[in-house]
Amino acid sequence: MRNITKLDFSFELAQLLEGLDQVLRICDWHPDHSQIGLTHALGPDAQGAWHDAAGSLVYTWGEDAFDGDGQLKRRTVKRRESEFVTFVPEFEHTIWRTIYDQLSARYQLGRVRLMQSKPKTCLSWHTDREQRIHIPVITNPGARLVIEDDAHHLPADGSVYLADTTLYHTAFNSGLEPRIHMVACVLGTVA
C-alpha cells in the first residue's frame with residue numbers, strides 16, 4: 001500500500017473489542033467529534049479527561065463551528081500534540097494501556113484516540129503535521145482511508161498501520177455500520 005505501512009506487530013481483535021467495550025462502559029463518544037481520548041493534557045490526576053484530546057487542535061467543530069462569514073473558527077487557545085502525554089487514568093486496566101506502552105517504546109506519541117466514523121460520513125480533505133498510527137477495531141468494506149489518489153480499506157484483524165497523513169487525505173465510511181479505529185499521532189521515533 002502506498003503511503004501506508006503495515007507494522008511488524010499486532011494485537012488480538014477480541015482484546016481490542018473487549019477494550020472498546022470497557023471504555024464505552026466508562027464514557028461515551030464526544031458529541032461533536034465521535035472521539036474518545038486515551039491520552040490527555042490536563043495533568044496526571046485528571047479524572048474524566050477522555051474528551052480532552054477530541055477534535056482539532058486548530059479549529060472548533062460542532063454546532064457553532066463557523067463565523068458570520070462562513071469560515072471555520074480557529075481555537076483561541078492553541079495546543080500542541082506534544083502536550084497529550086498523560087494516559088487517561090480510567091483506562092489504565094484496558095488493552096489500550098498495553099498498546100500505548102508498546103507504541104511509546106518505538107514512537108514519541110501525541111494524542112491517542114478512539115475515533116468513530118459514523119455510517120455515510122466523510123472527513124474534510126486535509127493534511128496533518130505528523131503521521132498517524134491506525135489500529136482498526138470495527139470496520140466494513142465501505143470504510144476507506146484515502147491518501148492522495150489511493151483509497152485503502154484497513155481490515156479489523158489486529159494489524160497496526162502507519163499512515164503518512166502529512167499528505168492530503170480523508171477518511172470516509174460509505175457503509176451502514178460504524179468504523180472505529182484507534183489512532184495515535186506520531187511525533188518522532190524513540191532513539
Check: Which residues, taken from segment 140-169, are under 14 Å from the mean Cα position of the chain (by Cα) and of a type in the set (S, T, N, Q)?
Finding: 165
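Would you be able to say whether some residue in segment 95-105 is at pLDDT 75 or above, closer than 25 Å to residue 168 by Cα and touching a strand residue (DSSP E or B) at 6+ places or on another chain (Cβ under 9 Å)?
Taking segment 95-105 first, the residues at pLDDT 75 or above are 95-105.
The next check asks that each one be closer than 25 Å to residue 168 by Cα; those that pass are 103.
Now drop any that are not touching a strand residue (DSSP E or B) at 6+ places or on another chain (Cβ under 9 Å), which leaves 103.
Yes, that holds for at least one residue.
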Next item on the list: Could you run through segment 17-68 and say how many residues are surrounded by fewer than 15 Cβ atoms within 10 Å (Cβ to Cβ), at pLDDT 85 or above and in a loop (DSSP other than H, G, I, E, B)?
Entry: 2
Next item on the list: Would you please list the contacts, defined by Cβ atoms under 7 Å and residues six or more apart or on different chains, that run from a residue in segment 137-157 that is among the acidic types (Asp, Glu) to a residue that is part of a loop (DSSP other than H, G, I, E, B)?
Entry: 148/3; 148/167; 148/168; 150/2; 150/3
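Just to be sure before I move on: is residue 89 modelled with pLDDT under 95 and under 25 Å from residue 19 (Cβ atoms) in the structure I sent? So that I can check it myself, show each step before the final result.
On the way: modelled with pLDDT under 95: yes; under 25 Å from residue 19 (Cβ atoms): yes.
So residue 89 passes the test.
Return yes when residue 147 is in contact with a Phe, Trp or Tyr (Cβ under 8 Å, 6 or more places away or on another chain), surrounded by 15 or more Cβ atoms within 10 Å (Cβ to Cβ), within 11 Å of residue 182 (Cβ to Cβ) and modelled with pLDDT of 95 or more and no when it is not.
On the way: in contact with a Phe, Trp or Tyr (Cβ under 8 Å, 6 or more places away or on another chain): yes; surrounded by 15 or more Cβ atoms within 10 Å (Cβ to Cβ): yes; within 11 Å of residue 182 (Cβ to Cβ): no; modelled with pLDDT of 95 or more: yes.
Taking the combined requirement at face value, the residue does not satisfy it.
Going through 112, 160, 88, 137 one at a time, which residue ends up being more than 17 Å from residue 185 (Cβ to Cβ) and buried (at least 17 other Cβ atoms within 10 Å of the Cβ)?
Residue meeting the stated conditions: 137.
The values are calculated or read from the model by the stated rules, or taken from the named source; none is laboratory data. Every value quoted in this text rests on a predicted model; they were computed, and no experiment measured them. Heads up, the Cβs are rebuilt from the backbone with ideal geometry, glycines too, and the neighbour counts pull from every protein chain shown.
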